[in-house]
Every structure is written in structure tokens, then in C-alpha cells.
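Structure, as C-alpha cells:
The values are calculated or read from the model by the stated rules, or taken from the named source; none is laboratory data. Worth saying up front: this structure is predicted, and the values here are computed from it rather than measured. Backbone-built Cβ (ideal geometry, glycine too); neighbour counts: all protein chains shown.
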Amino acid sequence: MSDAPALLPVEEARARLLGLCAPLPTEWVPGDDALGRALAEDVHARRTLPPWDNSAMDGYAVRSQDVAGPLPVRLTVGETVFAGGHPTRELTPGTCARIMTGAPLPPGADAVVMRERTRSAPDAPDAVDILEAAGPGSFVRPRGEDAKEGDVLLRRGTPLGIPELALLWAQGQGAVPVPRRPRVAVLSTGDELCRVDEPPGDGIVDVNAPALALAVRRAGGVPTLLGIARDTREAVQEALSRAEGFDVVLTSAGVSVGDHDFVKDALEALGVKRHFWRVAIKPGKPLVVGQRGGALFVGLPGNPTSSLVTFELFVRPALRRLLGHADVEPPRVTGRLEGSLSKAPGLAHFVRVTATWRAGELWAKPLGTQTSGALRSAAAATHLLHFPRELSSVTDGSHVELVPLSWVA
Ligand code: AMP
Ligand code: MG
């Protein structure tokens with residue numbers, strides 16, 4: 001294999017790929033279309049929230065010095081302030097206001113006594129007995145405790161979960177600036193392939209295209225299926241030449257060193273600059289990455305599990321970078337190996353495991369068949385266990401790095 005370059009370590013391959021990606025142009029979208037996407041710019045508070053000191057409890061707004069002496073203390077009740085209402089009178093010594101959660105504090109009040117710590121005064125209907133002292137600020141939500149106008153509320157690159165969107169909505173901000181979604185073309189290659197809606201005969205059903213399209217969508221991209229190209233240089237080249245206007249073009253299969261592996265040649269013929277080919281990883285060694293203009297080309301291996309694993313470890317981070325996420329690396333957690341593993345050094349293995357929580361630790365058990373073609377172990381896997389390139393064994397009970405899979409239901 002004189003033309004096969006040295007294998008790139010996984011981390012270096014990912015760093016090179018990410019180096020080719022930058023956040024796409026910004027669009028403003030309604031909050032519910034921004035869920036899971038990242039902010040394209042810092043967002044500043046437009047309003048001070050809460051806008052006024054207000055009550056954290058249903059109870060009585062008091063002057064704290066009135067309730068600092070021996071208890072109980074009898075106070076005269078003036079007005080009642082509801083959420084949405086406005087106090088009209090300043091508290092004078094010896095008086096209080098009945099107040100509901102979220103209602104603005106009357107001027108002069110600096111504390112709230114919750115209703116459960118009071119008793120109505122049977123002989124004096126306009127009074128209440130306060131049973132507990134309340135220091136200044138007690139059960140008061142001060143003006144601006146959540147946000148002051150002009151504060152940086154959320155930084156660029158922050159993923160928008162439900163609370164982040166709630167924070168923006170509370171500011172009266174319904175539209176959110178996010179990088180637009182990447183447009184991703186997905187092409188399958190192979191003479192043996194047929195579509196899932198065709199009678200398969202003795203052919204192989206193209207599962208990569210629909211599976212990768214779902215992975216793209218789950219990662220926040222917009223997939224377009226380009227169909228199946230047969231194993232000739234011309235067919236692959238023709239199919240790829242139709243892939244105009246995409247941010248990313250994903251192919252599967254035909255990137256290895258087989259006689260019918262034409263993806264690399266086709267990319268070269270189309271003027272795609274190859275950045276790397278072949279990564280020190282199993283499954284997924286033949287991965288190829290190139291670029292032309294603003295479009296990234298990623299040739300994934302053909303075995304369905306290999307293409308999903310390499311999607312997870314390389315393509316998903318790249319899509320996250322295009323989507324403007326600050327944090328793009330695959331997530332990792334520490335677990336412990338149940339059983340033992342061995343291999344020859346040279347390739348990092350990403351072993352399909354099921355991980356379960358037991359006695360305060362995550363125990364990862366390798367699944368039966370780990371060959372690249374086996375889909376059942378991909379279906380059962382919850383995590384990929386990283387068995388580092390330079391190691392040849394991992395012993396029972398060792399601490400291991402686990403990548404939670406985004407493809408699980
Ligand atoms: P290749 O990389 O072309 O050598 O393909 C590796 C293996 O993956 C072969 O067994 C192919 O039949 C299989 N394969 C390739 N593409 C697909 C696909 N789209 N769906 C399912 N299996 C595939
Ligand atoms: Mg093939």
C-alpha cells in the first residue's frame with residue numbers, strides 16, 4: 001500500500017477537521033426553532049429583572065424594625081397587594097400590607113413575613129400578629145437580582161436549552177441569533193446497494209444514507225439524500241458534481257484501498273483538496289476529509305456501524321462547530337470496565353458497550369460482536385469505550401473513558 005499515508009491519531013484528525021469549520025452566517029429565528037442551537041452573539045439584558053423589589057411569599061410586607069422586638073407583635077394591616085398590582089401607600093411604623101408572591105413591595109417595607117408565621121387577631125380584624133422576626137431583605141426578591149439592563153446574559157456559543165430560552169423570553173426577546181443550520185448532502189456508493197423500498201434480492205440495503213440523514217438532523221443539520229452512486233469513477237464523480245450549494249457533503253463507502261473504491265479519485269477529479277485520509281481508529285480507519293470552496297467533504301467508511309461511529313466522533317463535532325457551539329468535542333464520562341479487553345497497539349478502538357449505573361459508578365460492558373459490519377451491537381450500545389491507540393490491554397475494573405452516544409433513543 002505504497003500510496004496509503006500514515007494513520008492520523010483520532011484527536012489530531014478531529015482537530016484538523018475542526019480547523020476547517022467555522023460558524024455559518026447568523027439568522028434570527030423564533031426561540032422554539034433555536035432549541036439545541038448555539039447563540040451566534042452575546043445577548044445582553046434589555047430589562048432589569050425583577051423590575052422592582054417584590055415578595056417571594058404570600059404573607060405580610062413589614063418594616064423589619066417593627067418586628068425586631070419581643071414577639072408576637074401586632075401590626076395594623078393596610079392595603080393588599082397582588083401580583084400585577086401596585087402598592088399605593090407607604091408603610092408607617094406599626095403597619096404592614098398583605099402581600100402575594102410576586103407583588104411589588106410597598107415603599108417603606110423591607111421584609112416579608114410568610115403567612116404561616118402570622119396569626120389573625122380575632123379581636124382586631126384590621127390587625128395581624130407577627131409570630132417571627134424578619135431581618136431586612138427577608139423573603140424579598142430584590143430588583144435586578146436576575147438581570148440588570150446591559151448585563152451579558154448569555155455568551156456566544158452557549159447552547160440554548162429550555163431555561164436559556166426562558167431567560168430570553170423573560171426579557172421579551174422572542175427571536176434569537178443563531179448560525180444557520182448546515183445543509184448536508186448524503187451520498188451512498190456501492191454496486192451492491194439497493195434502496196430500502198426496493199426488493200433487496202441478494203443485495204444489501206442502503207442503510208447508511210437514511211441513518212446518516214437522521215444523525216445529521218439530530219445534530220442540527222438539514223440533510224438531503226443524493227441517492228446511490230454505483231462503483232465507477234464516473235458515477236461517483238457525476239453524483240458528487242451534483243452536490244452544489246451544500247456546506248457538507250457526506251459519502252459512505254468506497255474510501256478504502258479496494259479496487260472499486262473511487263471516492264478519493266472522484267473528489268480529486270472535482271478539485272476537492274484532500275486534508276487527510278486514514279485515521280488510527282477502529283472502526284472507521286479509511287475516513288477521508290477534503291474541502292472545496294466553502295464545502296467540506298467527508299468520506300465515511302461503508303460499514304454502517306463504522307459510518308455511524310465516525311459520524312459521532314468527527315462529523316458531529318464539525319457540525320457543532322458550523323452551528324456555532326463553543327463546546328464541540330464529543331462528551332466524555334468516566335466509567336469502569338466490566339471484563340477485560342486486549343488488542344494490538346496502533347489503532348484506537350471505540351468499543352460498543354452498554355453502561356449501567358451500579359453502586360455509584362458507571363460500569364461498561366463490551367457487547368458481543370464488535371466487527372464493523374455488526375449493527376446489533378450498535379443498537380444495544382449506550383456508549384463507546386475509548387481503548388487508546390498505544391495500549392494493548394485494559395484490565396477488569398479499570399477506569400475508562402466513555403463517549404455517550406447521541407444516537408440512542
Ligand atoms: P466499502 O467501504 O465500499 O468496502 O464497504 C464496506 C462494507 O460496507 C461492505 O460490506 C458494503 O456492502 C457495506 N456498505 C457500504 N455502503 C453501505 C450502505 N450504504 N448501507 C449498508 N451497507 C453498506
Ligand atoms: Mg464498496
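Some values worked out for this structure:
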quantity	calculated
Pairs, first closer than 16 Å to residue 302 by Cα in segment 259-277, second assigned to a strand (DSSP E or B), C-beta under 6 Å, six or more apart	263/251; 263/299; 264/288; 277/288
Within segment 256-281, considering residues that are assigned to a loop (DSSP other than H, G, I, E, B) and within 13 Å of ligand 2 (Cβ to nearest atom), the one surrounded by the most Cβ atoms within 10 Å (Cβ to Cβ)	262
Pick from segment 176-226, criterion part of a strand (DSSP E or B) and polar (S, T, N, Q), ranking: farthest from residue 162 (Cα to Cα)	189
Members of segment 238-258 that are free of Cβ contacts under 8 Å to residues at least 60 places away in the same chain and either in contact with a Phe, Trp or Tyr (Cβ under 9 Å, 6 or more places away or on another chain) or not acidic (Asp, Glu) (or both)	239, 240, 241, 242, 243, 255, 256, 258
Test result for residue 341, farther than 30 Å from residue 37 by Cα, surrounded by 12 or more Cβ atoms within 10 Å (Cβ to Cβ) and without any contact (Cβ under 8 Å) to a residue 40 or more places away in the chain	no
The one condition in (1) more than 16 Å from ligand 2 (Cβ to nearest atom); (2) out of contact with any Leu (no Cβ under 8 Å at 6 or more places or on another chain); (3) not basic (Lys, Arg) that residue 211 fails to fulfil	(2)
Any hit, segment 282-290, residues being farther than 19 Å from residue 189 by Cα and outside any strand (DSSP E or B)	no
Strands (runs of 3 or more DSSP E) contained entirely in segment 3-84, each with at least 3 residues that are at pLDDT below 95	none
Criterion (touching a Lys or Arg at 6+ places or on another chain (Cβ under 6 Å) and not small (Gly, Ala, Ser)) met by exactly one of 261, 197, 247, 202	247
Test for residue 104: is it within 20 Å of residue 52 (Cα to Cα) and touching a Phe, Trp or Tyr at 6+ places or on another chain (Cβ under 6 Å)	yes
Condition met for residue 123 (more than 26 Å from residue 103 (Cα to Cα), among the charged types (D, E, K, R) and either out of contact with any Ser or Thr (no Cβ under 6 Å at 6 or more places or on another chain) or at pLDDT below 95 (or both))	yes
Some residue of segment 29-40 being more than 19 Å from the chain's Cα centre (by Cα) and free of Cβ contacts under 8 Å to residues at least 60 places away in the same chain	no
All positions within segment 256-281 that are away from ligand 1 (no atom under 14 Å from the Cβ) and more than 21 Å from residue 319 (Cα to Cα)	268, 269, 270, 271, 280
Residue in segment 240-255 that is away from ligand 1 (no atom under 13 Å from the Cβ) and assigned to a helix (DSSP H, G or I) present	yes
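Yes/no per residue for (1) in contact with a Phe, Trp or Tyr (Cβ under 9 Å, 6 or more places away or on another chain); (2) within 13 Å of residue 75 (Cβ to Cβ); (3) surrounded by fewer than 12 Cβ atoms within 10 Å (Cβ to Cβ); (4) of a type in the set (Lys, Arg):
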position	(1), (2), (3), (4)
86	no, no, yes, no
94	no, yes, no, no
119	no, yes, no, yes
139	no, no, no, no
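Each row is one residue, and each column tells you yes or no for (1) within 16 Å of ligand 1 (Cβ to nearest atom); (2) surrounded by fewer than 15 Cβ atoms within 10 Å (Cβ to Cβ).
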position	(1), (2)
172	no, yes
179	no, no
183	no, no
188	yes, no
202	yes, yes
